[in-house]
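Trainee: For reference, the structure I am asking about is given below.
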Amino acid sequence: MNRPTPLTLAAIVAVLAATARAIFFTPLEAVQGPAQKILYVHAPAAWVAFLAFGVVALVSIVYLWLRDDRLDRIAESSAEVGVVFTTVVLITGPLWGKPVWGTYWTWDARLTLTLFLWFVYVGYLLLRGAVEDPAMRARYSAVLGILGALLIPFIHLSVYLFRTLHPLPVLMKPGAPSMPREMLITLLAAFAAFTLLYAALLRTRYRYAVERDAMTPGGFA
Amino acid sequence: MGVGLAGATWAIARKDLLIELRTRTTFIAAGVFALLGVSIFYFAWDPTAIPAVDLAPGVLWVIFTFSGLLGLHRSFGLEQESRAIDALVTSAAPRESIFLGKALANLVFVLAVQAIAIPAVALMYNLPLGGTVLALAGFAVLASVGLVAVGTLFSAMAVNTRMAELLLPVLALPFFVPIVMPAAQATAKLLAGRPADEIYSWLKLLLAFDLVFVFACTMIYPWTFEE
Amino acid sequence: MCRAFGARTIVDGVDLLVGPAECLAIFGPNGAGKTTLLRLLAGLLRPTAGAITIGGEKLSRSPLARSRVGIISHHHMLYEALTGRENVQFAAQMHGVEDSNAVSRSLERMGALEFADVPVRALSRGMQQRVTIARALVHDPDVLLADEPYTALDEAGTRAVAARFSAIRGSGGSIVLVTHNAEEGSAAATRTARMENGRFFEAA
């Protein structure tokens, strides 16, 4: 394994710092107690999950225009990193929900949207795995990436409409706007740290993809 | 000596339907699957706990989804065997017409299966259809358009992979959510006699989905090719 | 009329110009890249480097250029549930052929008219090949790309193919022919070439 780059080091430091701040230097929330601290992982992870897919979609559009292999590798890397963060959201959500709401899963609008994002990611990665020809794989992935990005707003609308026409008992909305300043700073710090982490992981995964393709004879000739 | 979009689309749709008419196997399979599914679902619930009327919309649209998927695979599958797709691709027909022609043929196929499934559900679940038939048919058509747009595009890609039959549902099902949800919810409301404005929101969502995805899939289809 | 050069490692650094009334026959062992070259020329594959043009127009951009090209591949590209006539009719529609007699004429020239109304599935491989060639030529292409056209054909079928090739060259069209049939290939060709391991060598 190569020496860690400045980016990787910065990311690790940032995540450690944010974690330390969240655990030791941020006040406990009155009603939820320690469980509320999952927010500092859950929300930033959700941000990265959607950011990563946005990157996939954007890069896909440019790929279809320029047909540059490097763009396909970025999309591939962002998708793999993105699905991991999405999984984190889907795990921390129920973990948080159980002590706070009493159940692991409710069809909460945002969590449902994240669930379908996860399905789209998985479909994307499965498609990549199913196509052998590198050029075809890149083209098809790009198409799916773009259509997937188009789908997300529609899922959001569907779930939103479902909820407004089917009002459910009002649940406590953790992380409401009126957050004490201390918590807000920690949250923002966590967002920044996770974004750095995404960038670092993306770069690492991208380098791996470059090395892997260089070793495959005529892989992307 | 050019080939127009409409002419080519129509010729391709006609050709696909002619082939299906000659072989009929896929249609029969999809139709029987729909009937079987509707019947089996009836026994999956306790009829004393949940009235059939409440179950029907869900059953109808779940069956719609899966029987639709059955037919989609064959759309590009029939071009694979003897590489007839190569002849299409190298012809003067515009690429978009290949997609639109096949989507059109798929639409006819899906609507034909719906024509079996919906009456079957109405019969077996004792649905008080009455005046709602027209609205129901309207939603069936709109939902089918959306399903066929997305499904045809994905089947074009899936057919070139090793796991086509498995891949197509996995790719397509998330995209069916903004189709099935409005259709099922609106159907439920229609059957329960709810006020029309609740149904309009779902109608608008489905219409918007159809417009966006028919356009997007048609435009993006040529990009699945090498050039 | 057609120029192509450079491509994936399967076809390596090919620079080719085929003019009117020429027939270029390409021989070579299996796996040499001949079929890939033909698919590149047909516009089915995109060259990694270089471009394919017909009469100066890029194939991929121009449906009009595509309407001048005819393709015979070693898959028969027919819909087995349809009849020979329906297949050729469909191809005519896809190329915007307006002449209503073109379908029958093309079938007749390949001696396929007798069994034109039988589903392709029920035909022998040789009869299918005749229908395939009728389909490929229904729009009177200026450029014909033929990959193993003589497959499964009997003497009469082979003679019909040779006649069609002469007719194409007679009206100024070009042919690129890939075949293992050395006798027919050489007889039809005005130029010959060989491909081996993706490299292209033209005979004098």
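Every number here is computed from the coordinates shown, using simple stated rules; none is lab data. For clarity, every value in this text was computed on a predicted model and none was experimentally measured. Cβ sites come from the backbone with ideal geometry, for glycine too, and all protein chains shown count toward neighbours.
Trainee: What translational diffusion coefficient, to the nearest whole µm²/s, does the protein assembly as shown have by Stokes-Einstein, given a Kirkwood radius computed over alpha-carbon pairs, a temperature of 4 °C and 1.567 mPa s viscosity? Working shown, then result.
Mentor: On the way: Rh = 28.0 Å.
Reported coefficient: 46 µm²/s.
Trainee: Which one of B:L55, B:A208, B:T187 has its Cα pushed farthest toward the positive end of the charge dipole of segment B:5-224, where Lys and Arg give +1 and Asp and Glu give -1 at the Cβ?
Mentor: Positive-most Cα among the choices belongs to B:A208.
Trainee: How are the Cα pair distances of chain C distributed, in percent, across 5 Å bins from 0?
Mentor: Computed distribution, short to long bins: 1, 8, 16, 20, 20, 16, 11, 5, 1, 0.
Trainee: Give me A:D72, B:D86 sorted ascending by neighbouring Cβ count inside 10 Å, so fewest comes first.
Mentor: Details: A:D72 24, B:D86 17.
In order of increasing Cβ crowding within 10 Å: B:D86, A:D72.
Trainee: When a footprinting reagent is the concern and you count Cβ atoms within 10 Å, what order do C:F201, A:F24 take, fewest first? Kindly include the intermediate steps, with their values, before the conclusion.
Mentor: Working: C:F201 11, A:F24 7.
So the residues, fewest neighbours to most, are A:F24, C:F201.
Trainee: Mind listing P(r) for chain B? All alpha-carbon pairs, 10 Å bins, whole percents.
Mentor: Computed distribution, short to long bins: 8, 32, 34, 18, 7, 1, 0.
Trainee: Using a 10 angstrom Cβ neighbour count of at most 13 plus a DSSP loop assignment to flag exposed trypsin sites (Lys or Arg not before Pro), which longest range of chain B is free of such sites? Numbers along the way, then the final one.
Mentor: Details: sites that count: B:R24, B:R162.
Free of exposed loop sites, the longest segment is B:25-161.
Trainee: Ok, one more. Using the Cα atoms as the points, what is the convex hull volume per residue of segment C:108-204 in Å³?
Mentor: Details: hull volume 11.0 nm³, N = 97.
In segment C:108-204, the Cα hull volume divided by residue count equals 114 Å³.
Trainee: Need one number: convex hull volume per residue for segment C:64-118, Cα atoms only, in Å³. Let's see the in-between values first.
Mentor: Working: hull volume 4.9 nm³, N = 55.
Given the Cα convex hull of segment C:64-118, per-residue volume reads 90 Å³.
Trainee: When a footprinting reagent is the concern and you count Cβ atoms within 10 Å, what order do C:T132, A:T5 take, fewest first?
Mentor: Details: C:T132 30, A:T5 13.
Ordered from fewest to most neighbouring Cβ atoms within 10 Å, C:T132, A:T5 come out as A:T5, C:T132.
Trainee: Sticking with this structure for a sec: Helix C:84-94: angle to the longest alpha-carbon principal axis of chain C, degrees 0 to 90, nearest 10?
Mentor: Tilt relative to chain C: about 50 degrees.
Trainee: Treating only the Cβ atoms of Lys and Arg (+1) and Asp and Glu (-1) as charged, compute the dipole magnitude of chain C about its Cα centre; round to the nearest 20 debye. List each step's numbers first, then the result.
Mentor: On the way: 22 positive and 21 negative charges, 103 e Å.
For this selection, approximately 500 debye.
Trainee: Based on Cβ point charges of +1 for Lys and Arg and -1 for Asp and Glu, what charge dipole magnitude is obtained for segment C:77-140 about its Cα centre, in debye rounded to the nearest 20?
Mentor: Values: 7 positive and 8 negative charges, 53 e Å.
Computed about the Cα centre, the dipole is about 260 debye.
Trainee: Let's see if you can work this out: charge +1 on each Lys and Arg Cβ, -1 on each Asp and Glu Cβ, no other charges. What is the dipole magnitude of segment B:1-69 about its Cα centre, in debye to the nearest 20? Numbers along the way, then the final one.
Mentor: Values: 4 positive and 4 negative charges, 90 e Å.
Charge dipole of segment B:1-69: 440 debye, to the nearest 20.
Trainee: When each pair of different Cα atoms in segment A:62-103 is counted once in the 1/r mean, what is the Kirkwood radius in angstroms, to one decimal? The partial results should precede the final answer.
Mentor: On the way: mean 1/r = 0.0803 Å⁻¹.
The Cα-based Kirkwood calculation yields 12.4 Å.
Trainee: Separate question: Exactly which GluC sites (Glu not before Pro) in segment B:1-82 are in a DSSP loop and have at most 14 other Cβ atoms within 10 Å?
Mentor: Working: sites: B:E20, B:E79, B:E81; in loops: B:E81.
Answer in residue order: B:E81.
Trainee: In addition: Could you give me D for segment A:44-168, from Stokes-Einstein at 10 °C and 1.306 mPa s, where the hydrodynamic radius is the Kirkwood radius over C-alpha pairs? Units µm² s⁻¹, please. Before the final figure, lay out the partial values.
Mentor: Details: Rh = 15.3 Å.
Result for D is 104 µm²/s.
Trainee: Counting each DSSP H run of 4 or more residues in chain C as -39500 (n - 2.57), what helix-only mean residue ellipticity at 222 nm follows after dividing by all residues, to the nearest 500 deg cm²/dmol?
Mentor: On the way: 7 runs with 68 residues, N = 204.
Mean residue ellipticity, 222 nm, calculated: -9500 deg cm²/dmol.
Trainee: Okay, moving on. Compute a Gaussian network model of chain C, connecting alpha carbons closer than 10 Å, and tell me which residue from C:L45, C:L107, C:L37 fluctuates the most.
Mentor: C:L45
Trainee: Would you kindly compute the Cα radius of gyration of segment B:1-84 and its largest Cα-Cα separation (Dmax), both in Å?
Mentor: Final numbers for Rg and Dmax: 18.4, 67 Å.
Trainee: In sequence order, what are the phi-derived ³J(HN,Hα) couplings for segment B:12-29 according to the Karplus relation 6.51 cos²θ - 1.76 cosθ + 1.60 with θ = phi - 60°, rounded to whole Hz, with x for glycine and proline?
Mentor: 5, 4, 4, 4, 4, 5, 4, 4, 5, 5, 5, 9, 6, 4, 5, 5, 5, 4
Trainee: With N residues in segment B:97-223, what two-decimal value do you get for its Cα radius of gyration over 2.2 N^0.38 Å?
Mentor: Against the empirical 2.2 N^0.38 Å value, I get 1.13 for segment B:97-223.
Trainee: What residues qualify as long-range amide H neighbours of C:F200, i.e. H under 5 Å apart, gap of 5 or more or another chain, H built at 1.01 Å from N?
Mentor: Distant-sequence amide H within range of C:F200: zero hits.
Trainee: If you don't mind, there's one more thing I want to ask. What does segment B:84-170 give for Rg and for Dmax, in Å, if only its C-alpha atoms count?
Mentor: When restricted to the Cα atoms of segment B:84-170, Rg and Dmax are 16.8, 52 Å.
Trainee: Quick one: what do you get for chain A if you divide its Cα Rg by 2.2 N^0.38 Å? Before the final figure, lay out the partial values.
Mentor: Numbers: Rg = 19.3 Å, N = 221, 2.2 N^0.38 = 17.1 Å.
Compactness ratio reported: 1.13.
Trainee: Check the straight Cα-Cα distances from B:K102 and name the lysines below 30 Å, setting aside those fewer than 8 residues away within the same chain.
Mentor: Hits, sequence-local ones excluded: B:K15, B:K204, C:K58.
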